[in-house]
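The values are calculated or read from the model by the stated rules, or taken from the named source; none is laboratory data. Model, not experiment: these values are computed from the prediction. Here the Cβ positions follow ideal geometry from the backbone for every residue, glycine too, while neighbour counts run over all protein chains shown.
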Amino acid sequence: MDTLDLARWQFAITTVYHFFFVPVTISLVAITAGLQTAWYRTGKEKYLRLTKFYGKLFLINIAMGVVTGLVQEFQFGMNWSDYSRFVGDVFGAPLALEGLLAFFLESTFIGLWIFGWERLPKLVHLGCIWMVVLGTQLSAYFILAANSWMQNPVGFRYNAARGRAELTDLWAVLTNKVVLVTFPHTIFAAFMVGGAFVAGVAVWHLVRRPDTDRDVFRSALKIGASVVLVASVGVAISGDLQGKVMTEVQPMKMAAAEALYETEKPASFSVFTVGTLDGSKEIFSIKMPYLLSFLATGHFGGEVKGINSLQEAYEQLYGPGSYKPNIPLTYWTFRLMIGVGMASAAVALWLLWVTRRGRAPSHWLVWLAAPLPLLPLVANTFGWIFTETGRQPWLVFGLLPTASGVSPSTTSGEVITSLVGFTLLYGVLAIVETKLLLRTIRGGLAGTDDPPDTAPDQPDKPLSLAY
Amino acid sequence: MELTTVWFIAIAMLWTGYFVLEGFDFGVGMLFRVLGRNEPERRAAITTIGPVWDGNEVWLIMAGAATFAAFPEWYATLFSGFYLPLFLILVGLIVRGVALEYRGKRDDAAWRGRMDLMITIGSLLPALLWGVAFGNIVRGVPLDAGHEYVGSFGILLNPFALLGGLTFVAVFVTHGAIFLALRTTDDLRVRANRLATRTGGVAAVLTIAFLAWAQALRGDTVSVIVTIAAVVAFAGGLVANLLRREGWAFIGTTSAIGLAVVSLFVALFPDVMPSTLDPGSTLTAVNAASSSYTLKVMTIITAIFLPLVMLYQGWTYWVFRKRVMVAAS
């Protein structure tokens, strides 16, 4: 493999890995903040215990999100220096805004929240976690604005003398129609992950240790499953809007999502297709007529452009070359994103049904508890793989091919070193983190009703939120 | 003032903030196993940086992002050129961040032992390598006409840069020890104070050698004056430490680190990455900069929000101003 392939693999691995922690962080901090607010308002102890329990799980998770995020910022310059030279003027601004407005907020107030339990007035302490929530939301917005600019570049002009894109309108970048639909889609999808996590952990406790803290975990189950359901509606609606915007600005991505080679009017959505290895011929498929037309254009009879005609059009526009992404990859990740996402909503609904009106969850439900938090996470991952590979061969759509962005001075040896290094390190950390999470989950609510430390400046006990 | 100059100053400020702040938490990270003789002492030492280290590290993220936005050419050349050191810095910061968060999450001596080792290595490695990196930025590196780094990893390990690395480590250790003396009580406080005296002497010698060499390479009158001020501040901090005036000692090392970083940036200006091959290939604040529109919007936004950030970060230090006591074991 050459430097380009290695750099792409590294970006894929480090980004997918980083995004295992991002959706959990975004949603779990908000759910924790909600629980703490419920405690503040009602004074019910169960909310305080849930706040501490899920708060601890959130902290274990965010630590990984933060440290893997560092790699993301550095590798633009390390592996993709020509990309950085080309887009820095535009892309750097939302990135800097993310740091200035979001990261400082998150990191500072999280410290205040962890260590401020007995030191800050209750309301101020509650405000701290809401500041962290605000920080995560802002962070998501700015980074998605930067990503959306790569999907649909706006608010810039091309400076031929400097060979780079230059910002002309920051507001246009921040209100890019792609980010306006991508942000809600990503946030709702994140809430499916967090809700499923809360519900899955609660089911596990209810089944395995039915007599321990039953009422508390019943509340958690209901809260978590409801979050999944509400969020799944949001995901569906925002995803539908996103599909229409995508068809408009990146028609090739929509065609690739469907492996639609010839333009169709009306177009049908294929649920499942077995094709030849290159994906250009289908052997067997299940199709839903008119659905793709609706998804793509909002009309059941709308025309959806096929891969072949788009390829021709792009050749005329950008010169010879292949403008097709990896079709089997986009086709399957698109379907898995939708399918797995729907499955997790169904599981959540079913969990609410079988535990309705105080019914006890049956023992074998534990088998659902384990995969439930993973389902939406997997759907999130497929969504990102789809949207990023669907943009290929472009790094910045229509402006900068992926092959032109890689660092010219970086050797493949250097990239191999860091690729292997990060992959090994991430592998080890995954084991450490999973073990710690499982251990903390198993520990349950023990210790969350301890009386607070009376000496305010003693280092806290290991079981509490602090060190 | 030109906006490119404004942003050069802004970047210098961000790095200064980063080294002043993360400097002491790196120091604590390198020291706490030596100073803390038992678990309660070690935990107390770690607790002094617990609420703030994460916020301190964001200064680095901000320095990186601001360089990307304001000087894309600088960001691209620096980050791709210093590939392996940056990779190792990332490994260090990852290992350290995870260990700081996880060490107290299990009540198990073997677990804590591993986390403690990770914190030490994760604090030492970035401290050392940032010194090497800054040494190389000031000294200059081989850049071709396209501003690409054309040297090898070995070139980065020149004597001047290595001296920079050692200086950073020694100064941060001292800064961290003084911070610990300021933030703890009893025995731990006394030992931190004594350790600062011992490492302070070494740090002072290294600092004088490194800064003088840097000035010989590319100093001007102003940078020489700032350098002298840095050395005086450091000496003042060490004297205050001898007198057990911990607050003054910390102000001394804080000012010394701040002034030293400023002196390096003053010496560097108007260049941002000097080329050792051909002066024409040197990256300057002007030819590395973003367009004036980008710089203008960023200036406005930063002018509004950076003071706010400093305000609430300052508040954190105020909230956690009390000394951390060692828990009875």
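For region A:71-81, the tally of residues that are more than 21 Å from residue B:58 (Cβ to Cβ) and more than 7 Å from every other protein chain (Cβ to nearest Cβ) stands at 2. Only one of these is more than 30 Å from residue A:200 (Cα to Cα), touching a residue at least 24 places away in the same chain (Cβ under 8 Å), among the aliphatic types (A, V, I, L, M) and part of a helix (DSSP H, G or I): A:6, A:59, A:100. Name it. Testing whether each residue is more than 30 Å from residue A:200 (Cα to Cα), touching a residue at least 24 places away in the same chain (Cβ under 8 Å), among the aliphatic types (A, V, I, L, M) and part of a helix (DSSP H, G or I) leaves just A:6.
Beta carbons closer than 8 Å, at least 6 apart along the sequence or on distinct chains, pair a first residue in region A:423-434 that is more than 10 Å from chain B (Cβ to nearest Cβ) with a second that is surrounded by fewer than 19 Cβ atoms within 10 Å (Cβ to Cβ) for A:423/A:13. Sub-6 Å Cβ pairs linking a first residue in region A:11-30 that is closer than 16 Å to residue A:56 by Cβ to a second residue that is among the hydroxyl-bearing types (Ser, Thr, Tyr), at least 6 apart or interchain, are A:29/A:136, ordered by first then second residue. Of all the residues in region B:193-210, those that are in contact (Cβ under 8 Å) with a residue 60 or more places away in the chain and closer than 17 Å to residue B:181 by Cα number 1.
For (1) within 18 Å of the chain's Cα centre (by Cα); (2) in a helix (DSSP H, G or I), each residue gets a yes or a no:
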residue: B:168; (1), (2): yes, yes
residue: B:172; (1), (2): yes, yes
residue: B:204; (1), (2): yes, yes
residue: B:213; (1), (2): no, yes
residue: B:241; (1), (2): no, yes
residue: B:244; (1), (2): no, no
residue: B:252; (1), (2): yes, yes
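Applying the set (1) surrounded by 15 or more Cβ atoms within 10 Å (Cβ to Cβ); (2) within 24 Å of the chain's Cα centre (by Cα); (3) at pLDDT 90 or above to residue B:293 leaves exactly one unmet item: (2). Could you list, in sequence order, all residues of region A:109-123 that are within 24 Å of the chain's Cα centre (by Cα) and aromatic (Phe, Trp, Tyr)? Answer for region A:109-123, where residues must be within 24 Å of the chain's Cα centre (by Cα) and aromatic (Phe, Trp, Tyr): just A:109. Scanning region B:111-129 for residues that are of a type in the set (A, V, I, L, M, F, W, C) and either in contact with a Leu (Cβ under 7 Å, 6 or more places away or on another chain) or more than 13 Å from chain A (Cβ to nearest Cβ) (or both) yields B:117, B:119, B:124, B:125, B:127, B:128, B:129.
Among the residues of region A:103-119, those identified as outside any helix (DSSP H, G or I) and within 7 Å of chain B (Cβ to nearest Cβ) are A:116, A:119. Are any of the residues in region A:160-170 crowded, with 19+ Cβ neighbours inside 10 Å and in a helix (DSSP H, G or I)? The answer is yes, given that some residue of region A:160-170 is crowded, with 19+ Cβ neighbours inside 10 Å and in a helix (DSSP H, G or I). Here residue A:124 meets each of (1) surrounded by fewer than 20 Cβ atoms within 10 Å (Cβ to Cβ); (2) under 23 Å from residue B:104 (Cβ atoms); (3) without any contact (Cβ under 8 Å) to a residue 24 or more places away in the chain with one exception, condition (2). When every residue of region B:315-323 is checked against the conditions, at least one turns out to be assigned to a loop (DSSP other than H, G, I, E, B), under 30 Å from residue B:184 (Cα atoms), modelled with pLDDT under 90 and touching a strand residue (DSSP E or B) at 6+ places or on another chain (Cβ under 8 Å).
Set side by side, the residues B:326, B:272 differ, and just one is among the β-branched types (Val, Ile, Thr), within 30 Å of residue A:157 (Cβ to Cβ) and in contact (Cβ under 8 Å) with a residue 24 or more places away in the chain, which is B:272. Please verify whether residue A:412 is small (Gly, Ala, Ser), closer than 24 Å to residue A:12 by Cβ, away from chain B (no Cβ under 12 Å) and touching a residue at least 12 places away in the same chain (Cβ under 8 Å), treating the condition exactly as stated. Taking the combined requirement at face value, the residue does not satisfy it. In region B:143-153, is there at least one residue being at positive phi and either within 13 Å of chain A (Cβ to nearest Cβ) or outside any helix (DSSP H, G or I) (or both)? Checking region B:143-153: at least one residue is at positive phi and either within 13 Å of chain A (Cβ to nearest Cβ) or outside any helix (DSSP H, G or I) (or both). Considering A:15, A:32, the condition of being of a type in the set (S, T, N, Q) and surrounded by fewer than 24 Cβ atoms within 10 Å (Cβ to Cβ) is satisfied by A:15 alone.
Here region A:83-93 is the region considered, the condition is being over 23 Å from the mean Cα position of the chain (by Cα) and facing chain B (nearest Cβ under 7 Å), and the residue that is farthest from residue A:432 (Cα to Cα) is A:89.
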